[in-house]
Structure formats: C-alpha cells, structure tokens
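Comments concern the structure below.
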Amino acid sequence: MDHFTYQGGGLCAEDVPLDRLADRVGTPTYVYSAATLEAHYDRLASAFAPLSPLICFSLKSCANGHLARLLVERGAGLDVVSGGEIHRARLAGCPGERIAFAGVGKTADEIAYALGAPGRGALAGAEPGGPVGLFNVESEPELALLDRIAGDLGVRPRAALRINPDVDARTHRHTTTGRRENKFGVDPDRARAIFRDRAADSPARLTGLHVHIGSPVYDPASYVEALARVLRLADDLARSGDVIDTLDLGGGFGADYETGRSPTAADYARAIVPMLARRVGDGLRVVIEPGRSLAANAGVLLTRVQYVKESEHKRFVICDAGMHTLLRPALYDAFHFVWPVRVAPEHVPPRRAADPGLPGLVECDVVGPICESADYLALGRRLPPVLRGDLLAVFAAGAYGMTLASRYNSHPLPAEVLVSGDRASQIRARETLGDLVAHERAQPLPL
C-alpha cells in the first residue's frame, strides 16, 4: 500500500522518522514517499502493459513539480486542466506530446498557450513550449474555438471528443462526472452529429474519444459499462468513415483510504485490457489519466494537537490542520485514517480502519482551528489517548490534499517534504504572513 510504517513505536516515511521531521519543519506539513509514488506508477504500467498506454498523471490531484518530475522521468505524461497546470507540466520537463489537456472551461488564452503560443493575459510569462499532444474537447463551442485558434496559428492539434456515457460510477455526487446531468462531455448521439458535420479540412484533427466517469471508482464494472458504450460509438463512427485512433480512458481508479479498500491496478486491468487488446493490435492508441491511485497513499499530513477539549458528550482533539489544509472530509465526507505518530507497542495499528480493534482507545472528533462546524479531519474516531503537543498523521493525503488547501481564516499554506530512503527534502516552503498579504501591499491601482 505504501512506505509509511511504524518502526520502534514511531511512524516513518521510508527510513525517516516523522516526529523528527516535524520538529525540523513544523506543522501542518505534507510528507510524500518517493518509493510509494514510483511503485504505484510501476504497478499500473505493468498491469496495463498489453495496451502500451500513455499514462498521464493527473496534476490536479497533486501538483508539486518535484513529484511530477519523478513520474515524468519514469516515462509518464501529465493530464492537465488549466493553463497553470500546462505551465507546471512544462517546468517539470514533460514533453508536449505527453501532455493531455482536459477541462470543461478552457479559455482562448489557455488554448493558444497549449498550442505553443506565448502566454498572454493571466498566462503572461508562462513557461514556453510546443503544442500539447492531445486536446480533450468537452463541447461543440470549445471545438469551434480550438479550430479558430489553431487555424490562426497554423497548427493541426490532435483532439479527442469527451463522451458522457451516462454511467453511474457509484461515487460521491460531487465527483461523479459521467452521468447525463453532469456538465462534462457530450452524449453519444450528439457526438455522432459532431463527427458527421465536421469538415475534413478542419484545423483540429478530431480522431479520438475521451471518457471519464468519476473518482474514486471502486468497481471495475463501471469502467466496463462505460467503455462498452464508447466502443459502440467508435464502431459506429468507423462505419461512417471517421478514423478513431486514440481512446483516452480517463482515470478515477481508487486508493486505499482504508486497508484493502481499493481494487489493485491488476484488478482494473483484468476488466479493461481484454476489451481493448485487439484494437490496440490494430493501431489504437490508449491514454490513461490516474491521479489518486498513484498519489493518495504516497502522502501523509502531519498535524500537531493544540488542545484536547472535553464536553458532556464529546471529546475534541483540536489540531493545527483542518479543512483549510485537507478539505476532503468536509467537502466529500471522505474517510482518512488518523493516528498518532508515536504510540505504545499495543497501539501500533494492524490495519487502517475507523476502528482498528485495539485496546484502550478513546472516541473523539479530530478537528481543526477554522471557524466552521464542517472543520474536521475525522468524526467519532477511536484513537489512543492523546495530549496537547502530540503529533498526528493523516494517511492517504497525497491526492487532493495540498491542491485543495486554502488560506481560509488567513492561515498560510503548509510546507511539503519529499522523502527518498533516508533523505528528506523540503519541496515547498511554508508560507509566511508576508506571503499571505504580498498581493495586497501595493497602493490601490486606479482603473
């Protein structure tokens, strides 16, 4: 699952004790394990090897450039959804042909930048680079805009049309993206009309299909259902003379927020590979966009207990991390295993679960400092007794943790640390109060 283990009563990231790390860099801090991130990528690449896919790591899940570079150097591409993420991808050294640009609201400036034009407007000064390898197009108006800008620039980008297959991913309503009531993609009938009416000399080469049904998706059967509908569409288009040479499967594979919760990469591959192997043999190019399945278990959030507060009905463990640091519990009612970094031998957890079945545990709510009742990391959780000053670890926090962090209540953003073996490196400095107000210091600018 990961390389965060208890050694001698203390939690370590690979070979680095986390209590010593927290003493050096403070809290809250995100800590990532390079070995875990790389192992998850390698397992996915091995499982899907019969399809020879381009694996584009989803930057929205974990955007730090040092982590992205680790995967790019391993052969990964990057899935991006904004001009800012294209900028990050280029800074991480990702070749343009290994960048897939998705997103339902691409601006004209973002499209031009993705096609290789210099950044302008909000993207002024962005890292230059050549065109991205694939545009995942969400709508007819977006396709028309892509054609116009590509024509003006004299380039012919490769594009895939995102299909909404109306499949229930059986995940949280905020992260399901493949139902007809969702804002993403177009339905198959609309897609047929778009291909039918498209001029052969259009600047964008629309030769692909894209599907993404949500995240996390724990049942491979949901992928089978969605893929079957997309492949029927691809066959219909082929019979009409349209060439479909690229299929982007999206992402959404699960992660082990609890021990054994998610299918393995091999489980997903067993369901998907047989549906595509023959087509890949005939020349189909496959793209996969994993995010949380690579990054979630590769990170923990360290937070320090500030107070233990007793009421008539509850015990509150109040920490310096909260919804401003890790939004997922408040936003999605998401489960994260929370446990002290240093424990007695009888409290080393045998598994990560809401109740790991150990003696001497005390039920409590683990909450943050924010002025919101939704500010919590864990509710009704049974933990070993903790005191002010104790260090807690929030597990499986490597995906949609730092990327969703905010400065709410004027808390500066946390630090990030990368561990590799017995070495730890700070890969993002903790923000200061000066950083917090840096853009407000100038005199008001008359408009």
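The values are calculated or read from the model by the stated rules, or taken from the named source; none is laboratory data. Keep in mind that this is a model prediction, so the values were computed, not measured. Cβ sites come from the backbone with ideal geometry, for glycine too, and all protein chains shown count toward neighbours.
Residue by residue, here is whether (1) within 9 Å of A378 (Cα to Cα); (2) in the same structural domain as A396 (by TED's automatic domain parsing); (3) at pLDDT below 95 holds:
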| site | (1), (2), (3) |
| --- | --- |
| P329 | yes, yes, no |
| V343 | no, yes, no |
| P356 | no, yes, yes |
| G368 | no, yes, no |
Q. Checking E312 against (1) touching a Leu at 6+ places or on another chain (Cβ under 7 Å); (2) assigned to a loop (DSSP other than H, G, I, E, B), which single condition isn't satisfied?
A. (1)
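Residues checked against (1) of a type outside the set (S, T, N, Q); (2) in contact with an Asp or Glu (Cβ under 8 Å, 6 or more places away or on another chain); (3) modelled with pLDDT under 95; (4) buried (at least 20 other Cβ atoms within 10 Å of the Cβ):
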| residue | (1), (2), (3), (4) |
| --- | --- |
| P131 | yes, no, no, yes |
| N136 | no, yes, no, yes |
| R148 | yes, no, no, no |
| R158 | yes, no, no, no |
| T177 | no, no, yes, yes |
Q: Spot the failing condition for V273; the list is (1) surrounded by 18 or more Cβ atoms within 10 Å (Cβ to Cβ); (2) in contact with an Asp or Glu (Cβ under 8 Å, 6 or more places away or on another chain); (3) assigned by TED's automatic domain parsing to the domain that holds A76, and only one is missed.
A: (2)
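So which residues in the range 321-338 are outside any helix (DSSP H, G or I) and either out of contact with any Pro (no Cβ under 6 Å at 6 or more places or on another chain) or without any contact (Cβ under 8 Å) to a residue 40 or more places away in the chain (or both), if there are any at all?
The initial filter retains those residues of the range 321-338 that are outside any helix (DSSP H, G or I), namely 321-327, 333-338.
Once the filter is applied, which keeps residues that are outside any helix (DSSP H, G or I) and either out of contact with any Pro (no Cβ under 6 Å at 6 or more places or on another chain) or without any contact (Cβ under 8 Å) to a residue 40 or more places away in the chain (or both), the range 321-338 yields M323, H324, L326, L327, D333, A334, F335, H336, F337, V338.
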Q | Residue ID - nearest to the chain's Cα centre (by Cα), chosen from residues in the range 385-426 that are outside any strand (DSSP E or B) and polar (S, T, N, Q) | A | T403
Q. Among the residues of the range 87-99, which ones are more than 21 Å from T246 (Cα to Cα) and not charged (D, E, K, R)?
A. H87, A89, L91, A92, G93
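Within the range 427-445, is there a residue that is buried (at least 21 other Cβ atoms within 10 Å of the Cβ), touching a helix residue (DSSP H, G or I) at 6+ places or on another chain (Cβ under 7 Å) and of a type in the set (A, V, I, L, M)? Before you say what the answer is, go through the steps one by one.
Going residue by residue through the range 427-445, those that are buried (at least 21 other Cβ atoms within 10 Å of the Cβ) are none.
The answer is no; no qualifying residue exists.
Tell me which residues, restricted to the range 201-216, are touching a Pro at 6+ places or on another chain (Cβ under 9 Å), more than 13 Å from N164 (Cα to Cα) and without any contact (Cβ under 8 Å) to a residue 60 or more places away in the chain.
We begin by selecting, within the range 201-216, every residue touching a Pro at 6+ places or on another chain (Cβ under 9 Å); these are 203-205, 211, 213.
If we keep only those that are more than 13 Å from N164 (Cα to Cα) as well, we get 203-205.
If the condition is that a residue be touching a Pro at 6+ places or on another chain (Cβ under 9 Å), more than 13 Å from N164 (Cα to Cα) and without any contact (Cβ under 8 Å) to a residue 60 or more places away in the chain, then P203, R205 are the ones that fit.
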Q. When only residues in the range 349-361 that are buried (at least 16 other Cβ atoms within 10 Å of the Cβ) and closer than 27 Å to D23 by Cα count, which is farthest from the chain's Cα centre (by Cα)?
A. P349
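Mind checking which residues of the range 27-50 are surrounded by fewer than 23 Cβ atoms within 10 Å (Cβ to Cβ) and within 19 Å of D422 (Cα to Cα)? Break it down stepwise before answering.
Narrowing the range 27-50 to residues surrounded by fewer than 23 Cβ atoms within 10 Å (Cβ to Cβ): 27, 34-35, 38-39, 42-43, 45-50.
Within the range 27-50, A34, A35, E38, A39 meet the criteria.
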Q. Going through the range 1-26 one residue at a time, which ones are within 30 Å of A266 (Cβ to Cβ), without any contact (Cβ under 8 Å) to a residue 24 or more places away in the chain and not hydroxyl-bearing (S, T, Y)?
A. Q7, C12
Q: Just name the residue that is surrounded by the fewest Cβ atoms within 10 Å (Cβ to Cβ) out of those in the range 60-90 that are over 18 Å from E416 (Cα atoms) and either touching an Asp or Glu at 6+ places or on another chain (Cβ under 6 Å) or basic (K, R) (or both).
A: R74
Q | Unique residue being assigned to a strand (DSSP E or B), touching a Cys at 6+ places or on another chain (Cβ under 9 Å) and under 25 Å from E38 (Cβ atoms) when the list is V305, V287 | A | V287
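Of these, D2, D19, D42, D23, which one is more than 30 Å from D390 (Cα to Cα) and of a type in the set (D, E)?
Numbers: D2 fails: more than 30 Å from D390 (Cα to Cα); D19 fails: more than 30 Å from D390 (Cα to Cα); D23 fails: more than 30 Å from D390 (Cα to Cα).
Among D2, D19, D42, D23, only D42 is more than 30 Å from D390 (Cα to Cα) and of a type in the set (D, E).
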Q) What are the residues in the range 274-294 that are of a type in the set (A, V, I, L, M) and over 13 Å from L231 (Cβ atoms), if any? A) V287, I288, L294
**Q.** helices (runs of 4 or more DSSP H) wholly inside the range 12-95 that include at least 2 residues being among the charged types (D, E, K, R)
**A.** 18-25, 34-47, 83-91
Q: Would you be able to say whether some residue in the range 218-230 is at pLDDT 95 or above and of a type outside the set (V, I, T)?
A: no
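When you scan the range 241-249, do you find a residue that is in a strand (DSSP E or B), acidic (D, E) and buried (at least 16 other Cβ atoms within 10 Å of the Cβ), even just one? Let's see the steps before the verdict.
At the first step, the residues of the range 241-249 found to be in a strand (DSSP E or B) are 246-248.
From what's left, acidic (D, E): 248.
Applying the additional criterion that residues be buried (at least 16 other Cβ atoms within 10 Å of the Cβ) yields 248.
Yes: one or more hits.
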